[in-house]
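Read the structure below first, then the notes.
The values are calculated or read from the model by the stated rules, or taken from the named source; none is laboratory data. Please read these numbers as outputs of a predicted model, since none were measured by experiment. Every residue, glycine among them, receives a Cβ derived from its backbone with ideal geometry; neighbour counts consider all protein chains shown.
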Amino acid sequence: MKSKGVRVIAVEPHSLAHRAGIRPDDRILTLNDEAVLDQLSYQFLVSQKDRTRVGFQRPDGTTATVTLANGGDGLGVDLAEDDVKVCKQNCVFCFVHQMPKGFRKSLYLKDEDIRLSFLYGHFSTLSSSDDAELDRVIRERLSPLHVSVHATDPVVRVQLVGNPREGHILRKLDRLLEGGIQVHTQVVLVPGLNDGWVWEKTVADLWERRAFQRPEQRGGVLSLSCVPVGLTAHREHLPQIPDVSPEFARQWVKVWTPQVRRYAAANEGEPWLLLADEWFTRAGVEVPGRAFYSRTWAQLENGVGLVRRFQDHARRFVKSPKAQGFAGRHVLMLTGSSFAPTLNRALANLNRATGSRLRGVAAQNFAFGSSVTVAGLLCGQDLLYAAHADREAHGGDPRWVEAVVVPSASLRTQTGPSDQYALPGVPTRPSAQFLDDLTLAELEQRLGLPVIPSGENLSQTLDHLLGHESWHLEGMTRPQGAYLP
């Protein structure tokens, strides 16, 4: 794989690198005569030997080589961010293609970076991964990966992803599995396109490749999740595809909930086939119990089990002494319409137990359209409108509640997909902000009340109520899933 090395942005004083003459703006080209591709490559290569031969280049183009006795540890350098690899697919349900105009540049990035798949659980279609990169994944043990399969039938997959060269996903998967890599997989299901026999074939093909099915098998498919397609109100000039209706969702839940349990029984009790929470919320039925989900909450940030985990935590929290910290509090909690019923049931129990006055209100998504119901895709203006409407409905008193809670999942602190990989030339913003660039502090200023992120459960919500000021400039540094409550 071609490489220009990685740029050094800082050198720790008195470190091995500093004593060897490595300085900011130098580029580390090789370690032990192997090309350094990016930060992950650097971390892998620098850990291989007790003594590391470092080839680097000065800004003027001159090169030098030093050997450092690092004992497998780092050299004392900070490296520049890696550029994100972009997606080569043209999926019929691509969410980026359905984005309204006017958002910040980074939100229109279709990342297809296998490094993000390993580091943060981003799903990759493997469209940007050639044989050399797959071999690199195997060599550096970048496992597990998260792969968007969508369909294993080559003809149907080409229809879904819009790339005639990417129909044979099983060829790439098999190369990874044979190399000992484990993968979590997903299917975004579109009625009439990859349901029916296509879905059944996909399940069967991936089940044959599941992890640990043969003692000699090193890699394998750890899980397969099924997520209903998400469509926004901005599909101009895009293929016409059907949405998942409540009726379709109810039938899907009826048929496949027993199948999830059947596959779990055949997998030594560990759930392997996973249904996203949105199937149940769209169907208007209660999510299953804890045993329905992976012991490790596999694919949690893909929307699998978030509702159940919240419910179980809320039930325990209400009985705990800490819950009394809500006693007497009058708080408005905003969320997406799919999660609002679950939240209000939990708040009703908490109010009875503590005498608090906590209310959950569903904020309508004006930016993406009312068909988008998850909390993580609410914009700041959506939340502002919902709060103003609730205030007017309660007499217009500017202090109608003591605080407003917003979904943590709707906030970001980086313009790129992570703090390590970002778009070249796009500055990062230190303040916690919503998708429409409204910041948490600006929302608080406009409402004239404390505004805090919810956290992942009621216990964290209480913590943030007690110390909300720290959330304006810190706290939201890890990637957030769009499906988090």
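A few remarks follow.
- In the stretch 141-171, the residues that are in contact with a Ser or Thr (Cβ under 7 Å, 6 or more places away or on another chain) and touching a residue at least 40 places away in the same chain (Cβ under 8 Å): H146, S148, V149, A151, T152, V161, N163, E166, I169
- Residue within the stretch 71-90 that is closer than 29 Å to Q159 by Cα and of a type in the set (A, V, I, L, M) present: yes
- Inspection of the stretch 182-197 identifies at least one residue that is assigned to a helix (DSSP H, G or I) and either in the same structural domain as W272 (by TED's automatic domain parsing) or of a type in the set (A, V, I, L, M, F, W, C) (or both).
- The stretch 123-178, residues that are assigned to a loop (DSSP other than H, G, I, E, B), more than 16 Å from K201 (Cβ to Cβ) and polar (S, T, N, Q): T125, S127, S128, S129, S143, N163
- Test: residue in the stretch 228-243 that is in contact with a Leu (Cβ under 8 Å, 6 or more places away or on another chain), within 26 Å of R345 (Cβ to Cβ) and not basic (K, R): yes
One line per residue, one yes/no per condition, for (1) under 13 Å from V66 (Cα atoms); (2) loosely packed, with under 13 Cβ neighbours inside 10 Å; (3) among the aliphatic types (A, V, I, L, M); (4) assigned by TED's automatic domain parsing to the domain that holds L142:
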site	(1), (2), (3), (4)
E12	no, no, no, no
I22	yes, no, yes, no
R27	no, no, no, no
D33	yes, yes, no, no
Q48	no, yes, no, no
T52	yes, no, no, no
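- Verdict on L206 being within 23 Å of V147 (Cα to Cα) and in a strand (DSSP E or B): no
- Only one of the numbered conditions (1) at pLDDT 95 or above; (2) polar (S, T, N, Q); (3) farther than 19 Å from H234 by Cα is violated by S338, and that is (1).
- Looking across the stretch 4-48, the residues that are hydroxyl-bearing (S, T, Y) and either touching a Gly at 6+ places or on another chain (Cβ under 8 Å) or under 17 Å from T62 (Cα atoms) (or both) come down to S15, T30, S47.
- Filtering G21, G55, G61 for residues that are over 32 Å from the mean Cα position of the chain (by Cα), in a strand (DSSP E or B) and of a type in the set (G, A, S) leaves a single hit, G55.
- Single match in F95, F118, F103 (criterion: under 30 Å from G196 (Cβ atoms), among the aromatic types (F, W, Y) and surrounded by fewer than 22 Cβ atoms within 10 Å (Cβ to Cβ)): F95
- Screening T232, T185 for residues that are at negative phi, at pLDDT 95 or above and hydroxyl-bearing (S, T, Y) leaves exactly one candidate, T185.
- Where G395 falls short, out of the listed (1) of a type outside the set (V, I, T); (2) touching a Cys at 6+ places or on another chain (Cβ under 8 Å); (3) without any contact (Cβ under 8 Å) to a residue 12 or more places away in the chain: (2)
- Matching residues, the stretch 316-340, being within 27 Å of the chain's Cα centre (by Cα) and touching a residue at least 60 places away in the same chain (Cβ under 8 Å): F317, L332, M333, L334, T335, G336, S338, F339
- Hits in the stretch 100-122 - residues which are closer than 27 Å to G380 by Cβ, assigned to a helix (DSSP H, G or I) and either in contact with a strand residue (DSSP E or B) (Cβ under 6 Å, 6 or more places away or on another chain) or not small (G, A, S) (or both): K105, L107, Y108, L116, Y120
- For the stretch 173-227, the set of residues classified as farther than 30 Å from S245 by Cα and without any contact (Cβ under 8 Å) to a residue 24 or more places away in the chain consists of E208, F212, Q213, R214, P215, E216, listed by residue number.
- R7 being surrounded by fewer than 19 Cβ atoms within 10 Å (Cβ to Cβ), free of Cβ contacts under 8 Å to residues at least 24 places away in the same chain and part of a strand (DSSP E or B): no
- Selection of the stretch 75-107 for residues being touching a helix residue (DSSP H, G or I) at 6+ places or on another chain (Cβ under 9 Å), farther than 22 Å from V187 by Cα and of a type outside the set (A, V, I, L, M) yields G76, E81, D82.
- Which numbered condition A323 fails, given (1) touching a strand residue (DSSP E or B) at 6+ places or on another chain (Cβ under 8 Å); (2) of a type in the set (G, A, S); (3) modelled with pLDDT of 95 or more: (1)
- Any chance N344 is surrounded by fewer than 20 Cβ atoms within 10 Å (Cβ to Cβ) and more than 26 Å from the chain's Cα centre (by Cα): no
- Per the conditions (1) in contact with a helix residue (DSSP H, G or I) (Cβ under 6 Å, 6 or more places away or on another chain); (2) farther than 27 Å from T439 by Cβ; (3) crowded, with 19+ Cβ neighbours inside 10 Å, the sole criterion not satisfied by G360 is (2).
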